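Every read-out reported here was derived from the displayed coordinates using simple, explicitly stated rules and does not represent laboratory data. Only a predicted model underlies this, so the values are computations on that prediction, with no experimental measurement involved. Don't worry about glycine lacking a Cβ; one is built from the backbone with ideal geometry, like all the others, and counts go over all protein chains shown.
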Amino acid sequence: MSEQNQKLTTASGRPYAENENTQSVGPRGPLLLQDYILHEKMAHFNRERIPERVVHAKGSGAFGTFTVTHDISQYTKAKLFSKIGNQCRMLARFSTVGGEKGSADTERDPRGFAVKFYTEDGNWDLVGNNTPVFFVKDPKKFGDFIHTQKRDPRTNCKSPTMMWDFWSLNPESLHQVLILMSDRGTPFSYRHMNGYSSHTFSMINAANERVWVKFHFKTAQGIKNFTNDEAATMKSQDLDHAQRDLVQAIDRGEFPRWNLKIQVMTEVQAKAFPFNPFDLSKIWPHADYPLIDVGTMELNEVPANYFAQVEQAAFAPAHIVDGIGYSPDKMLQGRLLSYPDAHRYRLGVNYEQIPVNRCPYMGRNYQRDGHMRVDDNGGSSPNYFPNSVDDIVVDQSYKEPAWSLESTLADWYDRNAPGENDHYTQPGWFYRKALNEQDRKNLINNIAGAMKGIEGPKKDMIINRQLCHFFRADIQLGLGVAAGLGVDVSDFMPASQSQSV
Ligand code: NDP
Ligand code: HEM
């Protein structure tokens, strides 16, 4: 270390002569305004906080390596997938959704599962959750939904009444509500859960042919969940349990791994699919669309500085690379706009230049100036296009094939269109196929426990409305929750059946 580097200095490089006592008029006198070091220390401290993420504020991150283990080049021309053995550096950030930055890691909530691949085609972000579906299927509903997961405007407390009021009025939520209320709603740690793109994306191959794709990260650690009671106990013992678990596992050299797989649907299959294949409240059954192996993600490096590399990380579903494309999924379309907008607010317009976000292989462009522009700002090169000076080109070979959607531009959601209004079949599958007997008991207990928090003059209306959804997904589920709530089910059952209950 050079002699200069050993010196404590102000941000402008002036060495400190004193770092603990402020200049004063005599040993007991008032302070001198000229002690600039005091001002600088206080002023910088006052500005240490940036806005937390409006959702997914509490999170944990780690760097790692992605390795391609299987050849999927028939589906995509992305360079990362051009041959088995290809690797790239990556960053993962896991999070809870509704809580603030200081909230408990063990809250019942979906978990965010965001991954940034630093590929030679550019940075590719998959910003998913640990669930394959979501609560709403139109982005216009997102803000309203999130309000119900945050604090009540008057009590400033979380409100089961708001949550169940919203869910009961939005039957498309049921699928995700069941997953949330199952023990997967309280994962033991971030290492012990799967990740899903949830959305349908597309892949485009070298012949410019498109398939629709869903991404699945399957944990190699195995699924491990807390029960409701265990989660509550851990909440009282360690608010940061998942953060600590991730750091300690990597520090021990137990690098967590996930196997990335894809489901693939052709454009022809999409037209015949009984549900809307772009509906975020639906899955594609494994039996019809089996998982195809792709590669392995291993997390092997704890970021040296949480704020610089995790808090300032900006993940966006819009960040794709050549060979990966969007889809008409309405929620995905809404998210394409929302994330960069959030980043400009949270981190500033030049957030892409923050080292953790910067693309190592980025080309050149004409974006200039703005707050905190800290690179050479394009130097003396032209700041407009077209120009007669530089050699920057727009390359038509990156153009995607057009979508054929058989739709008119101004279509609104048509509830009665085939495959659009069935909110119960897949939740029924979930209850009957995905869960074993113990899982079902826990699910029912968890739902009943959560719904007992509903209060106020609309309580019975909300409970009855939500019970109808459970009954429509599976009669045993409806009966179980009703019993857990002590509700007389005769209102929900045909007379012949109600007597035997
Ligand atoms: P399968 O019968 O082929 O597989 C069931 C799936 O459910 C597995 O992926 C399993 O994941 C997952 N699962 C098990 N328990 C839970 C839980 N508590 N919460 C969330 N997922 C769980 O399923 P199908 O493809 O025929 O779909 C049936 C239902 O399974 C769906 O309606 C959906 O609710 C659920 N599911 C389906 C997925 C899909 O992409 N097809 C993905 C995840 C869930 P794992 O292998 O990790 O144990
Ligand atoms: C974070 C909006 C749906 C996963 C965020 C943020 C916003 C947002 C504004 C904060 C971004 C930031 O400040 O960095 C939306 C909107 C949605 C939506 C408008 C629907 C229209 C979803 C869905 C998923 C998801 C469906 C998962 C499939 C995430 C994750 C993060 C996040 C994982 C945290 C990313 C990180 O770790 O930095 N969302 N979201 N969101 N969202 Fe969404």
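Can you give me the angle between helix 475-485 and the longest principal axis of the chain, using Cα atoms only, in degrees from 0 to 90, rounded to the nearest 10? So the helix axis and the longest Cα principal axis differ by about 70 degrees.
Kirkwood-type hydrodynamic radius, segment 301-383: 14.7 Å, calculated from all non-identical alpha-carbon pairs.
Binned at 20 Å from 0, what are the whole-percent values of the Cα-Cα distance distribution for the chain, short to long? Per 20 Å bin, starting at zero, the Cα-Cα P(r) for the chain comes out as 20, 50, 25, 6, 0 percent.
Multiplying the sequence separation of K433 and Q74 by 0.36 nm and subtracting their Cα-Cα distance, what value in nm do you get? 126.0 nm is the gain from fully extending K433 to Q74. Shape class of segment 87-225 from the alpha-carbon gyration tensor: prolate, with a/c at 1.5 or above and a/b greater than b/c.
Suppose only helical runs count, i.e. DSSP H with n ≥ 4. What mean residue ellipticity at 222 nm does that imply for the chain under -39500 (n - 2.57) per run, divided by all residues and rounded to the nearest 500 deg cm²/dmol?
Working: 13 runs with 132 residues, N = 501.
Calculated at 222 nm, the ellipticity per residue is -8000 deg cm²/dmol.
With a ≥ b ≥ c taken as the square roots of the eigenvalues of the C-alpha gyration tensor of segment 1-152, please select rounded if a/c is under 1.5 and otherwise prolate if a/b is larger than b/c or oblate if it is not? Since a/c reaches 1.5 but b/c is at least a/b, the shape of segment 1-152 is classed as oblate. For segment 59-353, the Kirkwood hydrodynamic radius from C-alpha pairs, put into Stokes-Einstein at 37 °C and a viscosity of 0.692 mPa s, yields a diffusion coefficient of 166 µm² per second.
At a Förster radius of 30 Å, what calculated FRET efficiency corresponds to the Cβ-Cβ distance of L291 and D240, to the nearest 0.05?
Working: r = 33 Å, r/R0 = 1.09.
The formula returns an efficiency of 0.35 here.
Using only the alpha-carbon atoms, how far is helix 437-451 inclined from the longest principal axis of the chain? Give it as 0 to 90 degrees, nearest 10. Rounded to the nearest ten degrees, it is 70.
Each peptide in 36-46, 258-268 was scored by the mean count of other Cβ atoms within 10 Å over its residues; highest first, the order is 258-268, 36-46.
Seen against the Cα atoms of the chain and their longest principal axis, helix 330-347 is set at about 30 degrees. Three principal axis extents of segment 1-48 based on alpha-carbon atoms, in descending order, are 38, 26, 15 Å.
Arrange the peptides 245-254, 164-173, 20-29, 151-160 so that the one whose residues have, on average, the most other Cβ atoms within 10 Å appears first. Walk me through the numbers on the way to the answer.
Details: 245-254: 14.5, 164-173: 21.4, 20-29: 9.1, 151-160: 12.4.
Taking the mean over residues of other Cβ atoms within 10 Å, the ranking is 164-173, 245-254, 151-160, 20-29.
Oblate is the label for segment 425-500, because a/c, from the alpha-carbon gyration tensor with a ≥ b ≥ c as root eigenvalues, is 1.5 or above and a/b does not exceed b/c.
Roughly how big is the chain's charge dipole about its Cα centre, with Cβ charges of +1 (Lys, Arg) and -1 (Asp, Glu), in debye to the nearest 20?
Values: 56 positive and 59 negative charges, 114 e Å.
Approximately 540 debye in magnitude.
Please grab the % of Cα pairs in segment 76-139 that end up more than 15 Å from each other.
Numbers: 1293 of 2016 pairs.
Percentage above 15 Å: 64.
Listing S198, S490 from the residue with the fewest other Cβ atoms within 10 Å to the one with the most, what is the order?
Numbers: S198 26, S490 12.
Neighbour counts put them in this order, fewest first: S490, S198.
Annotation for segment 56-151: GluC sites (Glu not before Pro) lying in DSSP loop with at most 15 further Cβ atoms inside 10 Å of their Cβ are E100, E120.
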